[in-house]
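**Q** Sharing a structure with you now.
The values are calculated or read from the model by the stated rules, or taken from the named source; none is laboratory data. For clarity, every value in this text was computed on a predicted model and none was experimentally measured. When we count neighbours, we look across all protein chains shown, and the Cβ atoms used for this are built from the backbone with ideal geometry, even at glycine. Heavy atoms of the whole protein, side chains included, go into the accessibility calculation; ligands, DNA and RNA do not. Shrake-Rupley method; radii C 1.70, N 1.55, O 1.52, S 1.80 Å.
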Amino acid sequence: MKQRVGFALIRESLYRKLIKPSSAPPRHYCTSSANVPPTPPLPKVPHSSKKGRLLTGATIGLLIAGGAYASTVDEATFCGWLFSATKLVNPFFAFLDPEVAHRLAVSAAARGWVPREKRPDLPILGLDVWGRRFSNPVGLAAGFDKNAEAVEGLLGLGFGFVEVGSVTPIPQEGNPKPRIFRLPNEGALINRCGFNSEGIVAVAKRLGAQHGKRKLETSSTASPAGDEVKHGGKAGPGILGVNLGKNKTSEDAAADYVQGVHTLSQYADYLVINISSPNTPGLRQLQGRKQLKDLVKKVQAARDEMQWGEEGPPPLLVKIAPDLSQQDLEDIAAVALALRVDGLIISNTTIQRPDSVSQNPVAQETGGLSGKPLFNMSTNILKEMYILTKGRIPLIGCGGISSGEDAYKKIRAGATLVQLYTAFGYGGPALIPNIKAELAHCLEKDGYKSIHEAVGADCR
């Protein structure tokens, strides 16, 4: 009913503007022509002006027709139509430079020029992790919104959680352009961005403003007092992760991560130590047993020394690479269990070039490969890490997910949550509801009543 009234007001407003009576005094007509000056000839309307009027009229007609259509359908149907309509826009992005297209996509989400999911997630997709309620397990990986410009718009698309970053202490440009390369036939990307970041000060200001706004808007839907599981994040329904990186020229990696914790953890529902990007020299060396143990201890101490309220400090996760030996995996698992790391993200991009992309000339570009060719490799690492950690640590499966079935395979391999990025870049907003619907179907088909029941099913 509210929709119909709203569109009626829009139509009335347009009518008044278009058919508004002239403010000039009325003409007095008479039968005698003695005192009537000759009527000057009407000016010739330029052809371009006629085209403009036709375009304007057509646009207004579409608006009115769209309003009339929307007023006759329920909100869920209209919401689905909006998400499907984004498929018409996606092909145009393919004609743009990859980084320009990425920049436009982030700007659109930041300005609210993307559809907003109004349909509630299916109950089977909801789950509790780290004392928080996720409405669904499908998240957006770090790298898309590096500087936390579009958190609200991205969460509004229907993601269960969004991870921003990687954020470095000091602003840095990253590696020279071009640094992002498409492999569309393989559903893949190669990037060598190198932690391009506006820095923690700029991101903290942005997150602080968004945090206050979201908290104010959602204060009426806060979890009941005494509820052990908090519904959504600190500032609203969606969960926000902050991914921390180190500066390229920094000689003290731990100090960089500690600075990120001190500045950004107050806004984060979880924190990530990114030590697995292949585009920052020496970064992956931090995945060694001794280096990782020392780093995690320092970052945990920095987090725990801060003052926290009833909710306590945000969980601390580590993001690892897929290019690891069996010994590397065993060392990481041992450190994670010994230091009680809150979670692992598996995995980052790969420096390998699987057979499916090796013949593509673009595959020769230096950088990390993401997308469909990474799926099997990252899923195998995920499964192995689930076994090594004995299912005691929540794992986030990331790498090559482009469908609900892919997400389901990650969950069966040991993931509690999943993330996508490359497929979102190719498929756009319409991909998100499709993945969630297909994931729910896979769960129901196999007789599962929740995500938790399916986690690690292939490892039992």
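**Q** Just checking, which of GLY187, GLY160 is in contact with a Phe, Trp or Tyr (Cβ under 7 Å, 6 or more places away or on another chain) and open to solvent by 10 Å² or more (accessible area, probe 1.4 Å)?
**A** The conditions single out GLY187.
**Q** May I ask you to list pairs of residues, at least six apart or on different chains, whose Cβ atoms are under 8 Å apart, with the first in the stretch 410-421 being free of Cβ contacts under 8 Å to residues at least 60 places away in the same chain and the second being among the basic types (Lys, Arg) and open to solvent by 10 Å² or more (accessible area, probe 1.4 Å)?
**A** ALA413/LYS383; GLY414/LYS383
**Q** Kindly establish whether ARG182 is at pLDDT below 95, open to solvent by 20 Å² or more (accessible area, probe 1.4 Å) and of a type outside the set (A, V, I, L, M, F, W, C).
**A** No; evaluated as a whole, the condition is false for this residue.
**Q** Taking the condition surrounded by fewer than 20 Cβ atoms within 10 Å (Cβ to Cβ) and under 21 Å from the mean Cα position of the chain (by Cα), does SER403 pass?
**A** The answer is yes for SER403.
**Q** Follow-up question, since we're still on this one. Select from the stretch 162-196 the residues that are in a strand (DSSP E or B) and over 17 Å from the mean Cα position of the chain (by Cα) and list them in ascending order.
**A** GLN172, ILE180, PHE181, ARG182, LEU183, ALA188, ILE190, ASN191
**Q** Of the conditions (1) open to solvent by 20 Å² or more (accessible area, probe 1.4 Å); (2) within 25 Å of ILE190 (Cβ to Cβ); (3) small (Gly, Ala, Ser), SER276 satisfies every one except a single condition; which number is it?
**A** Looking at each condition in turn, SER276 falls short on (1).
**Q** Follow-up. Output the number of residues of the stretch 360-392 satisfying the condition of being open to solvent by less than 10 Å² (accessible area, probe 1.4 Å) and more than 24 Å from GLU186 (Cβ to Cβ).
**A** So the answer is 2.
**Q** Here's a check for you: in the stretch 295-348, which residue that is of a type in the set (Gly, Ala, Ser) and open to solvent by 30 Å² or more (accessible area, probe 1.4 Å) is farthest from GLY368 (Cα to Cα)?
**A** Selected residue: GLY309.
**Q** Here's another thing I want to ask about it. Cβ-Cβ under 7 Å, sequence separation 6+ or interchain: first residue in the stretch 346-375 and over 28 Å from LEU317 (Cα atoms), partner in a loop (DSSP other than H, G, I, E, B) and open to solvent by 20 Å² or more (accessible area, probe 1.4 Å). Which pairs?
**A** Listed by first residue and then by second, the contacts come to ALA363/ARG353.
**Q** Here's something else I'd like to know. Do any residues in the stretch 218-239 that are modelled with pLDDT of 70 or more have Cβ atoms under 6 Å from those of residues that are of a type in the set (Asp, Glu) and part of a strand (DSSP E or B), where the two are at least six apart or on different chains, and which pairs are they?
**A** VAL229/ASP128
**Q** Something else about it: Would you point out which residue out of LYS449, LYS445 is farther than 21 Å from PRO184 by Cβ and in contact (Cβ under 8 Å) with a residue 60 or more places away in the chain?
**A** Every option except LYS449 fails the conditions.
**Q** Condition (residue is closer than 21 Å to PRO98 by Cβ and among the aliphatic types (A, V, I, L, M)) applied to the stretch 341-360: is it met by at least one residue?
**A** yes
**Q** Please verify whether the stretch 246-256 includes one or more residues that are open to solvent by less than 10 Å² (accessible area, probe 1.4 Å), modelled with pLDDT of 95 or more and under 26 Å from LEU337 (Cβ atoms).
**A** no
**Q** Another question about this same structure. Any chance you could count how many residues in the stretch 85-124 are open to solvent by less than 60 Å² (accessible area, probe 1.4 Å) and either among the small types (Gly, Ala, Ser) or in contact with a Ser or Thr (Cβ under 8 Å, 6 or more places away or on another chain) (or both)?
**A** Result for the stretch 85-124: 12.
**Q** A follow-up question, please. Out of the stretch 144-156, which residues are of a type in the set (Gly, Ala, Ser) and over 24 Å from ILE451 (Cβ atoms)?
**A** Once the filter is applied, which keeps residues that are of a type in the set (Gly, Ala, Ser) and over 24 Å from ILE451 (Cβ atoms), the stretch 144-156 yields ALA148, ALA150, GLY153.
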